[in-house]
Amino acid sequence: MSENHGTIWVCIDCTMHHANGECISCHDDHGHDKEPLSAIEAPYSATAGMLREEHAEGCEPDDECDCEVNTFSRSQCEGCGSRLHGERHAMTLWKN
């Protein structure tokens, strides 16, 4: 049984890599030379999005809310460690 370890915020390359198995632009951006999702190691795994109870009060996650996207962040990507500024997307971290 997996144990929820909360929400992490990842760059668009990590998001695309998780969704498609590749991100197309991986390693093309200056400063983004990390393998997508490489900071998540066993026994951890991640799934796209956040748990319903972590959404903002009154938010209905099924209605395309904005809770799972931070349109601009200066924080390091928690999926690959990239320090490039930009959009971050929510993923739920699990301990397997």
Worksheet item: In what sequence do Glu22, Glu41 fall when counting other Cβ within 10 Å, fewest first?
Response: Glu41, Glu22
Worksheet item: Which distance in nm do the two modelled labels at Glu22 and His85 give, with both placed 7 Å along the Cα-to-Cβ direction?
Response: 3.2 nm
Worksheet item: Between Ser75 and Ser2, what is the spin-label point distance in nm, taking each point 7 Å from the Cα along the Cα→C-beta axis?
Response: 2.0 nm
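We did not get these values from a lab; they are worked out from the coordinates using the rules stated. Being a predicted model, the structure only gives us computed values, none of them experimental. Don't worry about glycine lacking a Cβ; one is built from the backbone with ideal geometry, like all the others, and counts go over all protein chains shown.
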